[in-house]
Amino acid sequence: MPENEFEIIEGELINSPTTTYEAQKFLGCGTNGLVIQCRDVRTNDTVAIKMFKRKTDIEFAKEEEEILRALEDLHSEWFNVVRLNSSFTYKRHYCLVFELLDMDLLKFMKINPGKRLQLKEIRPILQQLATSLDFLKSAGVVHSDLKPENIMMVDHVRQPLKVQVIDFGLACNNPEEKIGHTLQTLYYRSPEILQCAPFDEAIDVWSLGCIAAELLMGMPLFPAQDEDSLMRLIRLRKDLHERYLTPYWFWPIHLMESRFMQINQSSGEDAKAEHCDLESFNDLLAQMLMTNQFERIDPRLILQHPFMSMSHLKGRFKNSLYTKSSEGLMDICEEQSYGNGAHVDHTVLQMSPKEDSSSSPAMEGSPAGMGGEKHSYSFLQNFISSRKKEEMNAKLKAGQKTSQLQSQIKGPKWENGSTTVPKKKKKRDDPTSYCNPAKKRKMTFKKS
């Protein structure tokens with residue numbers, strides 16, 4: 001069988017030096033390999049085995065294993081990072097054995113009403129992911145491919161909203177060596193990766209911001225077809241003053257109106273609390289999506305942001321049902337973390353005591369700095385109205401020639417003065433095209 005093809009048959013016994021695994025079902029594709037569910041014949045435990053065959057993929061697998069082993073020495077299990085059990089070689093396939101988790105975040109979104117999450121559900125997920133990124137930063141590791149498919153629900157029934165970060169196939173601890181490589185899946189790719197510029201852990205914060213917006217909207221924030229269109233979308237957001245642009249800019253009108261009606265139809269106190277929470281979330285989102293990586297919020301400061309601490313809710317709205325239910329969801333996740341052996345200090349890597357909201361990086365006039373003034377919904381109404389006008393204007397211009405439209409859409413100018421995406425300096429598989437047999441390798445799981 002060619003090097004770029006391999007098959008695993010359902011029921012096949014996979015021998016390792018310590019035990020035998022029975023192949024049960026195909027789970028999906030990781031960054032460079034095939035992932036299957038297996039049963040440990042000796043212990044009857046169910047695990048996930050990530051298998052690699054191509055020589056270059058095996059090299060990446062060993063790099064992934066090395067990083068995960070190093071993180072394990074730092075108690076990565078306390079910081080929502082997937083656990084690697086063992087590794088072995090089977091029929092020239094290099095195998096990494098992981099704990100079996102429930103479903104990825106993308107699938108979890110799809111089973112929720114409206115195929116999106118509520119703010120109070122997003123908060124504990126963000127808290128866990130920011131904790132993971134803070135841990136990775138302290139360990140000097142950049143994940144480089146954070147996306148909903150690489151965030152797993154541990155058990156969405158028994159451990160609701162408990163997540164773990166998986167797939168360290170593109171992770172690196174020396175970013176200088178990866179400059180010019182194609183990193184991050186397209187929808188979650190940061191400006192500095194597009195520019196082939198030096199980067200650090202801030203690229204993961206950008207991805208987290210894109211994920212956070214997607215959880216609320218139920219669709220990708222930057223649904224680009226290629227890098228050029230992604231740059232145009234990012235430039236559009238930047239030109240509209242990124243500090244104040246809310247994610248509503250990217251919402252289809254019917255979703256905006258639906259969400260607006262849901263808030264307005266809630267009871268008074270709960271509606272005000274949710275509106276205040278939404279503004280705080282928007283402030284955090286804006287800081288995670290700063291196009292200048294040096295202005296982007298740090299993972300530890302994410303954990304200290306009012307949206308995470310709920311300081312904006314615990315003061316004015318402490319008796320509202322919305323606040324109490326939000327606190328309850330955060331408590332559940334904290335209890336789950338303690339159950340895994342984590343200590344409260346560990347969850348933030350012994351960071352300094354949480355700052356008061358006044359010392360948050362939020363800008364003056366943002367939710368972090370708001371006093372007791374009354375909130376209104378006028379900004380949503382005005383925004384919906386302006387979006388409708390813009391869509392009507394766009395329809396009027398739809399008859400123009402394609403060339404004229406293209407001439408109006410100029411790519412963003414980066415530091416080098418270019419208006420187009422720089423060519424990658426080094427060739428490497430694009431993570432957006434993995435698992436496409438027509439372009440990559442044939443990886444099949446056959447039923448017996």
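The values are calculated or read from the model by the stated rules, or taken from the named source; none is laboratory data. Everything quoted here is computed from the prediction, not taken from an experiment. Cβ atoms come from the backbone with ideal geometry, glycine included; neighbour counts cover every protein chain shown.
Tally the residues that are under 30 Å from A271 (Cβ atoms), crowded, with 18+ Cβ neighbours inside 10 Å and without any contact (Cβ under 8 Å) to a residue 24 or more places away in the chain, restricting the search to region 81-127. The number of residues fulfilling the criteria is 1. T291 meets the conditions (1) within 22 Å of D134 (Cα to Cα); (2) in contact with a Leu (Cβ under 9 Å, 6 or more places away or on another chain) in every case but one. The failed one is (2). Any residue that is surrounded by 14 or more Cβ atoms within 10 Å (Cβ to Cβ) and of a type in the set (S, T, Y) - is there at least one of those in region 61-76? Looking for residues that are surrounded by 14 or more Cβ atoms within 10 Å (Cβ to Cβ) and of a type in the set (S, T, Y), one finds at least one in region 61-76, hence yes.
The set of residues in region 157-174 being out of contact with any Pro (no Cβ under 7 Å at 6 or more places or on another chain) and buried (at least 19 other Cβ atoms within 10 Å of the Cβ) consists of K162, V163, Q164, V165, I166, D167, F168, G169, A171, C172.
When only residues in region 68-90 that are part of a strand (DSSP E or B) and more than 23 Å from the chain's Cα centre (by Cα) count, which is nearest to L126 (Cα to Cα)? Among residues in region 68-90 that are part of a strand (DSSP E or B) and more than 23 Å from the chain's Cα centre (by Cα), the one nearest to L126 (Cα to Cα) is N85. Which one of E7, E65, E59 is acidic (D, E), more than 30 Å from E334 (Cβ to Cβ) and outside any helix (DSSP H, G or I)? Just a single option satisfies the conditions, and that option is E7. Filtered by the rule that a residue be assigned to a helix (DSSP H, G or I), touching a Phe, Trp or Tyr at 6+ places or on another chain (Cβ under 9 Å) and within 17 Å of A213 (Cα to Cα), region 91-136 gives L119, K120, I122, R123, L126, Q128. Only one of (1) surrounded by 18 or more Cβ atoms within 10 Å (Cβ to Cβ); (2) outside the structural domain of S280 (by TED's automatic domain parsing) is not met by K55, so which one is it? All conditions pass for K55, except number (1). Test L133 against the stated conditions and say whether it is surrounded by 16 or more Cβ atoms within 10 Å (Cβ to Cβ), in the same structural domain as I203 (by TED's automatic domain parsing) and under 16 Å from M153 (Cα atoms). Criteria not met by L133. Residue under question is M217, and the condition is that it be buried (at least 19 other Cβ atoms within 10 Å of the Cβ) and over 25 Å from C29 (Cβ atoms); does it hold? In short, yes. The criterion of at least 1 residues that are of a type in the set (G, A, S) is met, among helices (runs of 4 or more DSSP H) falling completely within region 279-331, by 306-309, 311-314.
For region 57-80, a tally of residues being farther than 27 Å from T131 by Cβ and without any contact (Cβ under 8 Å) to a residue 12 or more places away in the chain returns 1.
When E192, E201, E149, E177 are screened for being touching a Phe, Trp or Tyr at 6+ places or on another chain (Cβ under 9 Å) and acidic (D, E), only E192 passes. Could you run through region 316-346 and say how many residues are modelled with pLDDT under 85 and small (G, A, S)? Result for region 316-346: 4.
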